[in-house]
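Here it is, the structure, as structure tokens.
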């Protein structure tokens, strides 16, 4: 005889639960199918097919699992989240700083990448907190022929974060 498992193990990871399994009948299966359509998790497809083939179908599940899955409260919360997020294909655009919001950058004092003031001298009280800063650093190595701008854009591509996006935007080069 096959080992009995809760049909909601995929959702609740309930293999190690000490709660005993119950047999859910057709009325409860119909409720599971209804909730599955709301959750859009495709459970309803296989259950509907099995129920059509066998009107006396029963499934094994933990009472707490089936109750959580079909809970009106959980369905309501799911619907609120689903509708508040908008369509899944919609991704809100990233906000960008306007060039008028940029502060003046002193290229001799400030970091070219983050705009913060560069401390060239180690802090004698906390030398471990000092981030190495260089007044000038050789960009072109003998085997490499890239400009400063190309090197900066390569670094932005490697970082791939919000700060890199700000550096890559054309107006951020003109903030000053």
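The values are calculated or read from the model by the stated rules, or taken from the named source; none is laboratory data. Note that the coordinates shown come from a computational prediction; the quantities given were computed from them, not determined experimentally. Backbone-built Cβ (ideal geometry, glycine too); neighbour counts: all protein chains shown.
Listed here are the residues, each with its yes/no results for (1) in the same structural domain as residue 39 (by TED's automatic domain parsing); (2) modelled with pLDDT of 80 or more; (3) surrounded by 10 or more Cβ atoms within 10 Å (Cβ to Cβ).
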{"site": "93", "(1), (2), (3)": "no, no, no"}
{"site": "108", "(1), (2), (3)": "no, no, no"}
{"site": "121", "(1), (2), (3)": "no, yes, no"}
{"site": "125", "(1), (2), (3)": "no, yes, no"}
{"site": "134", "(1), (2), (3)": "no, no, no"}
{"site": "154", "(1), (2), (3)": "no, yes, yes"}
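Residue by residue through the stretch 1-59, note down the ones that are within 30 Å of the chain's Cα centre (by Cα), in a loop (DSSP other than H, G, I, E, B) and surrounded by 13 or more Cβ atoms within 10 Å (Cβ to Cβ).
6, 7, 8, 14, 17, 41
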